[in-house]
1. On a 0 to 90° scale, report how tilted helix B:145-160 is relative to the longest principal axis of chain B, with both axes built from alpha carbons and the result rounded to the nearest 10.
2. With a 1.4 Å probe, what is the total accessible area buried between chains B and A, in Å² rounded to the nearest 100?
3. How far is it, in nm, from the label point at B:Lys62 to the one at B:Ser84 when both lie 7 Å from their Cα along the line to the Cβ?
4. Under 16 Å from a point placed 7 Å out from the Cα of B:Glu156 along the Cα-to-Cβ direction: which residues of region B:18-34 have their backbone N that close?
5. Before I look further, what does chain B give for accessible area per residue, probe 1.4 Å, in whole square angstrom?
6. 7 Å from Cα along Cα→Cβ at both A:Ala82 and A:Leu52: what's the point-to-point distance in nm?
7. How many nm is it between the label spots at B:Lys108 and B:Arg47, if each spot is 7 Å from the Cα in line with the beta carbon?
8. If R₀ is 45 angstrom, what is the calculated FRET efficiency for the pair B:Thr165 and A:Leu74, using the beta carbon separation as r and rounding to 0.05?
Amino acid sequence: MGSRSAILERRQGWRYRSDMGTARLSEEHGRQAADVRSSTDGLGRPSDVDALGLTANERSQIAARLRLSPSERLRYLEDMIAFEALARRARRVT
Amino acid sequence: MPRFQPRLVVDVLNRHGVRYVLIGGVAATLHGSPLRTGDTDVCPDNRPDNLEKLAAALRDLKARIRTEGVEGGLPFACDAGFLSRVGLVNLETDAGDLDVSFVPTGTKGYDDLIVNVSRFDLDGTIAPTAALLDIIRSKTAANRQKDRESLPVLKELARKLGLQTT
């Protein structure tokens with residue numbers, strides 16, 4: 001798996017972003033994932049949004065969800081509901 | 001099987017002594033937001049000693065880099081050196097999707113967010129959580145469609161909590 005990762009990283013420049021920013025993995029100098037940089041358009045907006053306003057990360061998450069079986073989707077939903085129940089029980093201490 | 005277990009993320013980060021703040025949807029949920037979220041976002045302190053702890057925690061969580069077309073994510077060299085070079089990284093872990101962002105949009109990172117941090121007791125696990133107003137500040141700056149959709153809810157939540165939004 002490690003060599004597969006290295007090959008992918010060398011052959012592809014792949015990008016991903018999160019809820020509050022953007023980063024890019026580059027193949028520069030053929031090095032493995034050592035050259036990730038922030039990437040926004042200067043206004044705090046991600047620079048990798050598509051025509052629908054989705055980022056690469058969001059598209060990746062959609063693809064991952066589509067791969068789930070019905071029972072896996074149900075389990076995921078149960079996890080979300082369980083966390084919401086935990087949050088309702090949560091006590092703010094400071 | 002993909003999971004969504006923010007408390008496990010918090011447990012592992014705490015066990016390793018990582019300095020971090022929960023941000024994003026999980027943080028909003030802890031403040032009372034009714035908006036559903038399916039991944040965990042954290043903003044860690046990016047000082048070298050903390051990156052060592054964070055890397056160890058991420059290895060415990062079996063973190064892989066999340067990227068489209070690679071089921072299960074890409075393995076990577078999860079060490080402080082790697083983390084010191086990333087602005088943020090989207091991960092798949094045994095506790096679900098985890099986004100690590102060192103300088104969330106509209107903030108100056110951990111040192112900024114820790115100032116107003118809230119701490120929630122999750123059945124015995126303490127979760128350092130970004131202040132609701134800081135979450136609103138970041139989402140306002142990010143200004144994506146989903147942020148614009150969630151902001152009215154978060155602002156109403158803040159209003160009901162007696163917080164002053166601008």
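1. 60
2. Values: alone 8810 and 7850 Å², together 11880 Å².
Chain pair B/A: roughly 4800 Å² of buried accessible area.
3. 3.0
4. Counting only backbone N, you get B:29, B:32-34.
5. Numbers: 6470 Å² over 166 residues.
That works out to 39 Å² for each residue.
6. Computed distance between label sites A:Ala82 and A:Leu52 equals 3.0 nm.
7. 1.6
8. 0.75
The values are calculated or read from the model by the stated rules, or taken from the named source; none is laboratory data. For clarity, every value in this text was computed on a predicted model and none was experimentally measured. Cβ atoms come from the backbone with ideal geometry, glycine included; neighbour counts cover every protein chain shown. Just so you know, the surface numbers come from the protein's heavy atoms only, side chains and all, with ligands and any DNA or RNA stripped out. Shrake-Rupley method; radii C 1.70, N 1.55, O 1.52, S 1.80 Å.
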